[in-house]
Amino acid sequence: MRCSEDGEYELMAASALNAWTYCPRLAVLQYRDGESHPDAAMQDGLRAHTRVDEERGQWPLSEDIEGREVARSLWLSAYDEGITARLDLVEATGVGEAVRPVDYKRGDLPDTPEGAWPPERVQVCAQALVLRENGYEVHEGALWFAAARRRVRVVLDDTLIATTRAAVRDLRAALVAESTPPPLRDSPKCNGCSLGPICL
């Protein structure tokens, strides 16, 4: 994430929005304080991304979308939305000129009615907002869960968009604050957190 001369963070990374939605303290420790503690889960995630981490595909103009053209591992920013994102995969939906971002996750399908946890839904929504600001028609995103080898559709409804924009605003404010958000209390999230040893 880029910090301007006056100390303001201009663009929030979609991955930071995921971290913020999961745990505000985690996001601030990682993205403001530079804390990192790679664990086995992180290494598994890197392996799951191997296929999409190599930039591939011609990035078409929004009016040139046809069929199922694919582009992988693309960086794109949206200054009005205040978001920057590395898009694992962008594919044409086959309906008009619409595209969808597909974000790769290492794990199994979560047992939740939405098919994905809020942090992952916010991250793919942020990617979609970046695409929209850059002139692409986007109505949905998708999450690919590598362990399950399954895809989950993420509809970009007003609630998810509002949640994502609120995360941008709140994370930006937290990154310039002098204090750090408190640890979560009695949360099962802490058990699997890579920064657990540093945070608690």
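What follows is calculated from the coordinates using simple rules that are stated; it is not laboratory data. Please read these numbers as outputs of a predicted model, since none were measured by experiment. For neighbour counting, all protein chains shown are included, and Cβ atoms are generated from backbone atoms with ideal geometry for every residue, glycine included.
Kindly rank 138-151, 181-194, 114-127 from highest to lowest mean number of other beta carbons found within 10 Å of each residue. Present the calculation step by step, with values, prior to reporting the outcome.
Numbers: 138-151: 17.1, 181-194: 12.4, 114-127: 23.6.
The densest-packed peptide leads the list: 114-127, 138-151, 181-194.
Normalised by residue number, the volume inside the convex hull of the Cα atoms of segment 72-200 is 140 Å³ per residue. Distance between the 7 Å Cα→Cβ label points at residue 162 and residue 112: 1.9 nm.
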